[in-house]
1. Out of K42, K70, K47, report the one residue that is modelled with pLDDT of 95 or more and either in the same structural domain as L102 (by TED's automatic domain parsing) or under 20 Å from E8 (Cα atoms) (or both).
2. Looking at region 86-93, is at least one residue crowded, with 16+ Cβ neighbours inside 10 Å and either touching a residue at least 12 places away in the same chain (Cβ under 8 Å) or more than 30 Å from Q105 (Cα to Cα) (or both)?
3. Taking only pairs six or more apart or across chains, which ones have beta-carbon atoms under 9 Å, a first residue in region 2-16 that is surrounded by 11 or more Cβ atoms within 10 Å (Cβ to Cβ), and a second residue that is of a type in the set (V, I, T)?
4. In region 45-65, is there at least one residue being in contact with a His (Cβ under 7 Å, 6 or more places away or on another chain) and surrounded by 11 or more Cβ atoms within 10 Å (Cβ to Cβ)?
5. Out of L64, L37, report the one residue that is of a type outside the set (F, W, Y), more than 30 Å from L113 (Cβ to Cβ), out of contact with any Ser or Thr (no Cβ under 8 Å at 6 or more places or on another chain) and part of a helix (DSSP H, G or I).
6. In region 72-85, which residue that is in a loop (DSSP other than H, G, I, E, B) and among the small types (G, A, S) is nearest to R104 (Cα to Cα)?
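The values are calculated or read from the model by the stated rules, or taken from the named source; none is laboratory data. Bear in mind that the values here come from a model prediction, so they are computed numbers and not experimental data. Every residue, glycine as well, gets a Cβ built from its backbone with ideal geometry; the counts of neighbours run over all protein chains shown.
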Amino acid sequence: MHKILKNEEDYRNALRRIDEIFDAAPNTSEGEEAELLVLLVKDYENKNHPVLPLDPIEAIKLTLEEKGLKAKDLVGIIGSKGYVSQVLNRKKPLTAEMMRVLHRQLNIPADILLT
């Protein structure tokens, strides 16, 4: 039986166990154990290892990387090559229209773009 993770040792043990049963089939005892452990780990991480929100420029760069895109792919979406470079190098601010376009076309959460 698993319990609430209260310290780093519990957390590491849960991560190890998840690794051991990661490929367990759903609706089996190990599959259900894996689901429970993931919930416990997420809860522990949210309380003890919170992820700081990305700043807008870092979010844009990360999204480009994840989608296999380059800065040049933003040309025409948010402006010229020079303007894209200035935005990504923090020399020009993101405008409200750029935020709308980036949100719609790259699915970057609006709350990240607005920070």
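1. Values: K42 fails: modelled with pLDDT of 95 or more; K47 fails: modelled with pLDDT of 95 or more.
Going through K42, K70, K47 in turn, just one is modelled with pLDDT of 95 or more and either in the same structural domain as L102 (by TED's automatic domain parsing) or under 20 Å from E8 (Cα atoms) (or both): K70.
2. Restricting attention to region 86-93, the residues satisfying the condition of being crowded, with 16+ Cβ neighbours inside 10 Å are 87-88, 92.
Next cut, either touching a residue at least 12 places away in the same chain (Cβ under 8 Å) or more than 30 Å from Q105 (Cα to Cα) (or both) only: 87-88.
Scanning region 86-93 turns up at least one residue that is crowded, with 16+ Cβ neighbours inside 10 Å and either touching a residue at least 12 places away in the same chain (Cβ under 8 Å) or more than 30 Å from Q105 (Cα to Cα) (or both).
3. L5/V41; D10/I4; Y11/V41; A14/V38; A14/V41; L15/V41
4. Kept after step one, since they are in contact with a His (Cβ under 7 Å, 6 or more places away or on another chain), are these residues of region 45-65: none.
No.
5. Values: L64 fails: more than 30 Å from L113 (Cβ to Cβ).
One residue alone meets the criteria, L37.
6. Going residue by residue through region 72-85, those that are in a loop (DSSP other than H, G, I, E, B) are 76-78, 80.
Restricting the remaining residues to those that are among the small types (G, A, S) gives 76, 80.
Working: G76: 14, S80: 19 Å.
So, considering only residues that are in a loop (DSSP other than H, G, I, E, B) and among the small types (G, A, S), the one nearest to R104 (Cα to Cα) is G76.
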